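Q: Let me begin by handing over the structure; questions about it come next.
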Amino acid sequence: MKHLFIFTWISFYFLNMNAQVSPIELKADVMYNKFDFKSAIKKYEEVGLENLSTKGLRNLSNAYLKTHNDTMAENRFKALIEKEDHTSEDVFHYAEVLQMNGKQAQSDEWLEKFYALIDTDAYTTKRGSKAELKNDIRGTKIEHLSINTEQEDFGPAYHGDKIVFASSRPHKLANKSKWSWNKLPYLNIYDASIDSGSLQLTNPQMLSKQINKKFHEGPASFSKDGSLMVYTRNNYEDIPENKAVKLKMFYTTKDENGKWLDPIGFDFNNKSYSVGHPSVSEDGKTIYFSSDMPGGKGKADIYKINKTDSGWSAPINLGSEINTELDEMFPFIHPNHILFFASKGHVGLGGLDIYASRVKKNEYSKPNNLRHPINGHKDDFGLILDKDQRSGYFSSNRPGGKGADDLYAFTMQKGFVFCKDVEGVVQTDQGELLPGKKVIIVDENGDVVSSVVVGDDAKYKFCLDEGDYKFKLLDPEQVVLDHRYNPSDVGLDFTVDLFDEKPLVINHLYKTQKTEPIEQVEINTKGDNISGLTVKNTDDKGNVTKEIIEINNIYFDLNKSFIRKDAAKELNKIVRIMNAYPDIEIEIGSHTDCRASKSYNKALSSRRATSSMNYIKKRITKPSRITGKGYGEDKLLVDCPCEGSVKSDCSEAKHQKNRRTEFKILNIGKAYIINKSSNSFGK
């Protein structure tokens, strides 16, 4: 059934019939056009390779491929590319079948020849390292299901406590003829029970006759409550002139007695292209599917539609992050916002490989290949995963099965974790490596998510899920923070964004604390708010040095409260003041502008004040000397009210002036307050 999406690239070769073609080859072309590939193969072979036209040899090669005879497909594609009028597409498909037959080195060689033949950037998604894909990182075990037959069994889906799948197994339903493609019965939709002691399936039963009709039905998908069913069916009611039957997608619901109502076709079904392979979200409000409709990125793409008040939305292409110039099929949307799908366009091990992408606010992270043993050299597709992300089912035509496509169960020791590599080197600003330090990563809740003691190269590497984190450095005894090094110009707080493909490299350059005594600190203020400081020292020759340090505004990212790299530099200046004069007590006051509700602004400013306060507390003696308070929009410097229905006409510059974080002196101690200059800190 998965092969029904090949019409676009097959039909191109039905054109421009060569007058020199033999009558037997012309008969073979007719059979090929009707997808009677086995009969077409016999006729093409009867003509003989030396007498076949290039188009006929191309059709013969593809016919072997579509009937899963990959060995003969490789042999015939090899003969095809030896013809002078072969195309770059022929070279590509030869490389593809070599990969499917496990001949990776030869496949890579011919792929490079293909790239040299084309003038565009097409097919570049096929480039990339495949070696790491052979390593299982999740402790995966694969089990062949005894329910499989010598026919096709594929496309599993969850339906309550059962598994639904498509199968061409023999049946007693009347008026069900065999399909010319593979001489097997047409597909029907079955369900089966999950064995209580394993993942094996038992007692397969054909679904309602209301669903299973004359030709192909399946695969199918269901909402969690079982009230909505969406499935694929042949579009045999609306056949185009070239007789190439396409796929349609239908949906149905149950009546009050629990019986399926008459199925309804989607408005975007069309005789000119196929739509199918649906996956329904748990709530039944979104359907993912595959289609080769015009306007896509390649051959078959993944689309989605959303439930509306009046029916269903128009199809939405998932974009170039998911879709390539080749085939993307068999989507499955997991409740934990993971999209699984099969593709030939992303870097894989051969044939269709299965990939996973994190879904967030209608965006999709870079797809991850599921690796061996789920993926192999043949077609692997149609994966579903349980809610706990520990077991599931998928389809494959890999060696060792019973039929053309078989169902497999799998279990994993580790679930699917989407993470991004974060790496760096622990060293001083003078290039001195700091081996033996313990690097720990703490999440926004203060929980340690990962740690490592760096070796002689002082390098570390973590793979972190999306979120906000803090970086900490422990001393060699791994007990307390190492205060011998001052992280004065590094962002100890950072964000991991899975949708940003740039690698996250954090080189922590620790500046050594100054050892010479500070003789005098003159604190510049406006009222009681610190705006700067002047440090005076006397060198060995009696010369007085003066270092003037201006304290600049600090900023937070929109709706965030973690300390950015630029803000850390300013906060370290406050740390320096408080460590130089241990009697100084300071309050951090964070303010917002008037936009958003008062309660939200109050909470946001409190989080920011707390974040700034905690940063300083960890770096000073007597941490109780620093306190923090969030004022929200209660103390606007510029009158810009915009609460409720009131809309402010203030400029962005005025709003910015209201957004500030101030440092108020509560106790002076022995510091010298000499200048009443102005400054504050913006968010």
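The values are calculated or read from the model by the stated rules, or taken from the named source; none is laboratory data. Computed from a prediction, not measured in an experiment: that's the story for all the values here. Cβ atoms come from the backbone with ideal geometry, glycine included; neighbour counts cover every protein chain shown.
Q: Mind checking which residues of region 65-79 are touching a residue at least 24 places away in the same chain (Cβ under 8 Å) and under 38 Å from the mean Cα position of the chain (by Cα)?
A: Leu65, Lys66, Thr67, His68, Asp70, Thr71, Ala73, Glu74, Arg76 - these are the residues of region 65-79 that are touching a residue at least 24 places away in the same chain (Cβ under 8 Å) and under 38 Å from the mean Cα position of the chain (by Cα).
Q: Shifting gears a bit: Quickly run through region 327-348 and pick out the residues that are aliphatic (A, V, I, L, M), surrounded by 22 or more Cβ atoms within 10 Å (Cβ to Cβ) and over 13 Å from the mean Cα position of the chain (by Cα).
A: Met329, Ala342
Q: Where in region 282-341 are the strands (runs of 3 or more DSSP E), entirely inside, with at least 2 residues that are over 21 Å from Ile264 (Cβ atoms) and outside the structural domain of Phe92 (by TED's automatic domain parsing)?
A: 301-308, 328-334
Q: Return yes or no: is Asn537 at pLDDT below 65, over 30 Å from His655 (Cβ atoms) and not in a loop (DSSP other than H, G, I, E, B)?
A: So Asn537 fits the description; yes.
Q: Please go through region 199-222 and give me each residue that is touching a residue at least 40 places away in the same chain (Cβ under 8 Å), surrounded by fewer than 19 Cβ atoms within 10 Å (Cβ to Cβ) and either of a type in the set (S, T, N, Q) or outside any loop (DSSP other than H, G, I, E, B) (or both), ordered by number.
A: Across region 199-222, the qualifying residues are Gln200, Thr202, Pro204, Ser208, Gln210.
Q: Has region 19-42 got any residue that is modelled with pLDDT under 50 and not in a helix (DSSP H, G or I)?
A: The answer is yes; a qualifying residue exists.
Q: Which of the following residues is touching a Lys or Arg at 6+ places or on another chain (Cβ under 6 Å) and at pLDDT 75 or above: Glu587, Glu662?
A: Criteria check complete, one pass: Glu587.
Q: Which is at negative phi, without any contact (Cβ under 8 Å) to a residue 24 or more places away in the chain and not in a loop (DSSP other than H, G, I, E, B), of Ser605, Ser624?
A: Unique residue meeting the criteria: Ser624.
Q: Collect the residues in region 350-370 that are in a loop (DSSP other than H, G, I, E, B) and crowded, with 21+ Cβ neighbours inside 10 Å, keeping them in residue-number order.
A: Within region 350-370, Gly350, Gly351, Leu352, Ser365, Pro367, Leu370 qualify.
Q: Test Glu643 against the stated conditions and say whether it is more than 21 Å from Glu570 (Cβ to Cβ) and modelled with pLDDT under 75.
A: It is true that Glu643 is more than 21 Å from Glu570 (Cβ to Cβ) and modelled with pLDDT under 75.
Q: Return yes when Leu111 is crowded, with 17+ Cβ neighbours inside 10 Å, aliphatic (A, V, I, L, M) and at pLDDT below 90 and no when it is not.
A: yes
Q: Suppose we filter region 420-453 for residues that are surrounded by fewer than 20 Cβ atoms within 10 Å (Cβ to Cβ), over 26 Å from Arg607 (Cα atoms) and of a type in the set (A, V, I, L, M, F, W, C); how many remain?
A: Total satisfying the criteria: 5.
Q: Still on this model: Quickly run through region 619-631 and pick out the residues that are at pLDDT below 85 and buried (at least 16 other Cβ atoms within 10 Å of the Cβ).
A: Arg619, Ile620
Q: Quick check on Glu50: is it surrounded by fewer than 16 Cβ atoms within 10 Å (Cβ to Cβ), in a helix (DSSP H, G or I) and modelled with pLDDT of 85 or more?
A: no
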